[in-house]
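I have placed the structure first, in the form of structure tokens, so that the comments after it can refer back to it.
The values are calculated or read from the model by the stated rules, or taken from the named source; none is laboratory data. As the structure is a prediction and not an experimental result, all values here were calculated from the model. A quick note on method: Cβ atoms are made from the backbone with ideal geometry, for glycine too, and the neighbour counts reach across all protein chains shown. The area values use the complete protein model at the heavy-atom level, side chains included, leaving out ligands, DNA and RNA. Shrake-Rupley method; radii C 1.70, N 1.55, O 1.52, S 1.80 Å.
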Amino acid sequence: AFHSSSTFRTRTMGRTMWLSVLALLVPIATSSCSEDGSCPTSSGALWLQLKGSRTSNRGVGEPDFFPVNGGVDRSCRGSHDKDDLDSHYISIPATTMNDCKQQCLSNSACKGIEYSHLSCRVWTRQQGIQASFQSAGSTCLRLLQDASAMSNFKEVDGGQGKGCRGAHPSDKQESYFKSTTASTLDECKSICVQDSECQGVSYQSRGLCEVWVRPEGIGATADDSESICLEAPPTTTTQSPSSTSAGTETTTAPIDDGWELHYGLNCYQHHGADPIWGKDPLEGRKTLQECKEECFKEQSCSGIVMPQGDGGDGPKKCWLRTNVRKSRCTAGSPYNFWARPGANIETIDNSTGIEESAPCCDGYESWPNVDTGITCAGCTALVLTEPYEGRCDKYCESFGHECFQAAEEVEENCEVKYTQSCNEPVKDTSDMLCSCRRKPRVDDPHCDWPGPPKPEKSCCKNMDQWPDVDNGVTCGDCMALVLAEKYGGRCDQYCESFGQVCIMAAEEQEENCEVKYEVPCDQAITGTSDILCKCGKSNAPPQCPVPPKTTQTTTPTPSPNKRIQVVGKQILVDGTPLHLKGVAWNPVPKGGAHPADLDFSSAVEEDAKLMKKMGINAVRTYEPITDKQVLDILWGQGIWVVNSVYNWGGADADSAAAPVKATKDHPAILMWTIGNEWNYNGLYVGSSFFDCVGRIRDVANVILEHDTSHPIASIYGDVGKLDEAVDSLPEIEIWGINAYRGISFGNLFQQYEGATSKPMFFGEYGADAFNAKISGEDQDAQAKATKELTEEILGQSSVLGRGSCIGGFIFEFNDEWHKDNDGSKDRHDTGGTAPGGGPYPDMTFNEEWWGLVNIDRETRKAFEAYKKTDLPTAAQKITA
């Protein structure tokens with residue numbers, strides 16, 4: 001957790017440097033129920049549901065997306081679940097959900113999106129999205145242009161336990177409301193906000209949403225223990241506050257002043273923009289209008305960056321930007337970029353001397369033996385196998401490069417059929433896809449690239465390749481109406497005829513895509529000339545529908561010959577799942593620096609006893625522990641060691657061998673880790689993302705040469721681009737995530753599981769004990785964050801079968817006084833910076849105040865809070 005402002009100060013394993021990185025996500029707002037979980041209503045079922053509802057924290061005029069009928073596995077529809085007219089939406093290719101959202105936000109008519117397998121539908125139907133239809137792999141989200149309205153609904157007659165009525169408690173007529181379904185209260189509210197006629201909502205715990213459109217509004221309520229009645233916020237206007245009469249409530253919408261909003265875009269140094277020195281950020285806090293005015297004062301200013309959210313348009317941090325290249329900015333961030341009127345935000349100003357990214361490989365004209373001239377993005381080409389024995393490492397070395405990826409292509413093109421190690425031959429083919437790069441140097445970190453081609457992500461072959469489609473009727477979702485006779489009426493035989501597997505078989509209603517009834521894939525559908533077949537690739541990605549089970553399958557089975565192993569979403573020790581109640585441990589004494597004065601041996605005796613008192617069962621380090629006496633003492637207190645063996649990219653990959661060989665046989669060693677949020681700091685030498693990937697892969701292979709008895713983990717910063725890291729590093733069995741999102745992790749667990757099915761743990765989380773809001777120590781706030789975040793982790797424990805999380809390491813055990821560069825190593829400094837997202841309660845990383853104990857080992861309230869968080873019962877059996 002070594003971060004600061006929009007530049008995060010990071011631990012450098014002996015070097016302290018300032019690295020520009022993306023700020024962490026804005027925390028999710030908490031629910032309105034009391035902290036002990038109680039809610040004021042006689043209907044427990046309703047309020048248990050509402051307590052988990054999502055509340056938008058957007059500022060006035062800021063958009064947000066809300067799920068329709070749960071969102072997941074739903075296709076958007078118009079007025080009913082069969083209303084899927086082509087005129088309702090625009091189909092656009094999109095590689096990610098975020099790309100699809102950006103397409104929607106750039107279209108003023110957008111009402112929401114449907115995203116499925118690289119396909120994006122931007123819904124522009126004037127009445128919005130009013131229904132959905134079950135569809136595996138699709139996600140339907142409704143867009144609210146001003147999501148702050150979600151926070152402004154008012155309870156009618158107390159709201160809770162009340163149903164909405166007209167003029168009196170018995171006045172409920174069908175014309176007063178539109179009845180629909182909603183998974184949560186927030187979804188019901190979002191339907192109302194998108195409906196210009198809505199006066200309020202009445203929501204019932206069983207999912208019934210009544211959108212009240214009675215022109216006179218909601219005039220009364222009736223007792224209903226399963227309902228809540230809320231009045232909608234006033235209609236958004238462009239009326240300025242000064243022209244509003246006293247007592248009139250109005251929401252001020254942004255006036256079109258020529259500034260162009262790029263929602264979720266953060267432009268900063270080395271990421272699409274240059275700072276205006278002395279204005280990065282501006283002193284104090286500014287309103288949006290004040291920030292724009294400051295930009296106008298600077299001739300070179302191209303635009304401004306401000307944090308999203310806080311539910312209003314009050315003062316926030318403001319950064320001025322110049323030389324903006326929008327395409328190189330970071331999308332999906334908790335910031336907004338506003339382009340100044342008339343500014344060219346795509347032109348690169350070469351007069352600044354900014355060095356552009358260097359090419360990662362020599363030009364393709366110098367590549368030998370390229371098959372029929374086929375070259376691909378990401379320094380990849382289709383090359384002849386014979387001169388190189390089918391090995392891409394030998395091919396790349398033949399012209400002074402090194403291999404990054406080897407693959408077999410699909411059909412004489414750049415589409416990847418499968419990948420394999422560079423030093424293994426691609427067999428039974430005349431050509432192969434080789435990704436070659438110049439050998440990276442630590443002093444030349446500027447090369448960045450999109451990476452080699454990845455295996456095709458679609459769930460099935462292109463529909464124009466499907467044979468015997470009846471009258472060209474295709475249904476989307478990898479399904480078509482096909483002629484039955486040639487295949488004996490069986491969809492399994494049809495799908496296999498062109499190299500796919502059957503997912504579903506059905507009889508259609510009337511020569512269309514409507515299902516009359518389903519049958520097993522291997523059962524013939526008789527008495528018809530055509531059948532509906534859903535086919536998919538046998539190696540389709542995880543998000544795709546899976547073929548029906550033909551034989552009984554079992555969960556992954558642990559090996560009886562390994563003490564520690566990863567099985568499914570769990571880490572097993574002697575066959576029993578382990579949940580980590582851990583702490584990050586870096587005992588640097590007063591006056592010392594890291595790593596020169598790091599002293600495990602002097603601190604371990606006292607620290608291990610305090611850890612045991614807290615119930616801690618694991619420590620995570622930033623330098624390797626190789627002293628076996630230290631390991632003995634930790635093991636004697638029942639504490640595992642997650643041993644860091646490589647963090648600084650200036651060292652050779654082979655340097656990881658020494659700590660592995662020194663400690664691999666000690667019973668305290670649980671796993672090895674590589675890197676510490678390396679996607680932020682470039683392994684502390686500024687290496688590009690894929691240079692880091694290459695080095696981590698090399699280190700992992702060094703570890704595997706000397707030890708295969710312990711899993712290998714890598715510590716990553718939050719979850720941005722995690723899917724790319726996972727795809728590129730199959731050697732990593734477990735991912736550690738460092739995350740600071742305030743008082744809640746928000747949707748991090750869902751984001752993680754969208755990227756990989758491997759288990760995860762938190763490499764760092766928590767809050768420091770200094771509150772910049774009061775300029776003093778705030779042990780209560782630190783304890784509160786410790787309790788709530790740890791309970792969230794327990795709620796997602798794979799030991800309990802609830803998720804992919806095997807636990808976490810709270811940051812950190814003891815204070816460290818060396819971390820504020822502007823302070824003294826002999827003094828407890830209070831320097832901290834606020835990047836717009838971060839720890840509770842001040843969003844400020846106060847670097848020298850993170851300890852559960854202070855530097856003199858005096859316990860804080862967070863020590864007691866962490867002590868009280870119980871391990872899952874199954875995990876308690878395996879504390880060493």
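Of all residues in the stretch 846-868, those being among the β-branched types (Val, Ile, Thr) and either buried (at least 20 other Cβ atoms within 10 Å of the Cβ) or within 28 Å of the chain's Cα centre (by Cα) (or both) number 1.
Total residues in the stretch 823-845 satisfying the condition of being open to solvent by less than 10 Å² (accessible area, probe 1.4 Å), modelled with pLDDT of 85 or more and either out of contact with any strand residue (DSSP E or B) (no Cβ under 6 Å at 6 or more places or on another chain) or small (Gly, Ala, Ser) (or both): the figure is 1. Would you point out the residue of the stretch 143-167, among those that are open to solvent by less than 10 Å² (accessible area, probe 1.4 Å) and in contact with a helix residue (DSSP H, G or I) (Cβ under 7 Å, 6 or more places away or on another chain), that is modelled with the lowest pLDDT? Checking each candidate, the answer is MET150.
For the residues CYS140, CYS100, CYS104, CYS110, the requirement of being at pLDDT 85 or above, touching a Leu at 6+ places or on another chain (Cβ under 8 Å) and crowded, with 23+ Cβ neighbours inside 10 Å singles out CYS104. Pairs linking a residue in the stretch 748-773 that is farther than 23 Å from HIS828 by Cβ to a residue that is among the charged types (D, E, K, R) and open to solvent by 20 Å² or more (accessible area, probe 1.4 Å), with Cβ atoms under 6 Å and 6 or more positions apart or on different chains, are ALA755/ASP723; PRO759/LYS569. For beta carbons closer than 7 Å, sequence separation of 6+ or different chains, a first residue in the stretch 499-525 that is outside any strand (DSSP E or B) and a second that is open to solvent by 90 Å² or more (accessible area, probe 1.4 Å), the qualifying pairs are GLN509/LYS516.
Would it be correct to say that LEU572 is within 35 Å of the chain's Cα centre (by Cα) and surrounded by fewer than 23 Cβ atoms within 10 Å (Cβ to Cβ)? Criteria met by LEU572. Hey, could you check the stretch 205-226 for residues that are at pLDDT 85 or above and under 34 Å from the mean Cα position of the chain (by Cα) and say which is most open to solvent (accessible area, probe 1.4 Å)? Only one residue fits best here, namely LEU208.
Of these, CYS291, CYS329, which one is in contact with a Cys (Cβ under 6 Å, 6 or more places away or on another chain) and modelled with pLDDT of 85 or more?
Residue meeting the stated conditions: CYS291.
Only one of these is open to solvent by less than 30 Å² (accessible area, probe 1.4 Å), aliphatic (A, V, I, L, M) and part of a loop (DSSP other than H, G, I, E, B): VAL699, VAL693, VAL719. Name it. Step through it out loud before you land on a result.
Working: VAL699 fails: part of a loop (DSSP other than H, G, I, E, B); VAL693 fails: part of a loop (DSSP other than H, G, I, E, B).
Only one candidate passes the filter, namely VAL719.
With respect to (1) among the basic types (Lys, Arg); (2) in a helix (DSSP H, G or I); (3) in contact with a Leu (Cβ under 7 Å, 6 or more places away or on another chain), the lone exception for LYS787 is condition (3).
Restricting attention to the stretch 645-681, the residues that are surrounded by fewer than 19 Cβ atoms within 10 Å (Cβ to Cβ), in contact (Cβ under 8 Å) with a residue 12 or more places away in the chain and part of a helix (DSSP H, G or I) add up to 5. Looking at SER804, SER798, which one is in contact with an Asp or Glu (Cβ under 6 Å, 6 or more places away or on another chain), closer than 20 Å to ILE715 by Cα and either free of Cβ contacts under 8 Å to residues at least 60 places away in the same chain or crowded, with 18+ Cβ neighbours inside 10 Å (or both)? Just a single option satisfies the conditions, and that option is SER804.
Got a sec? Which of SER744, SER709 is more than 21 Å from the chain's Cα centre (by Cα), in a loop (DSSP other than H, G, I, E, B) and small (Gly, Ala, Ser)? Only one candidate passes the filter, namely SER709. Of the numbered conditions (1) at pLDDT 70 or above; (2) closer than 24 Å to CYS692 by Cβ, CYS447 fails exactly one; give the number of that condition. Answer for CYS447: the failing condition is (1). Looking only at the stretch 787-803, decide whether some residue is within 30 Å of HIS828 (Cβ to Cβ), among the hydrophobic types (A, V, I, L, M, F, W, C) and out of contact with any Cys (no Cβ under 8 Å at 6 or more places or on another chain). Within the stretch 787-803 (the criterion being within 30 Å of HIS828 (Cβ to Cβ), among the hydrophobic types (A, V, I, L, M, F, W, C) and out of contact with any Cys (no Cβ under 8 Å at 6 or more places or on another chain)), the answer is yes, since at least one residue qualifies. For the stretch 747-772, a residue qualifies if it is assigned to a loop (DSSP other than H, G, I, E, B) and either within 12 Å of the chain's Cα centre (by Cα) or more than 21 Å from ALA700 (Cα to Cα) (or both), and the qualifying residues are ASN747, THR756, TYR765, GLY766, ALA767, ASP768, ALA769, ALA772. Remark: CYS436 falls outside the filter, which requires a residue to be of a type outside the set (Gly, Ala, Ser), more than 30 Å from SER138 (Cβ to Cβ) and either surrounded by fewer than 15 Cβ atoms within 10 Å (Cβ to Cβ) or at pLDDT below 85 (or both).
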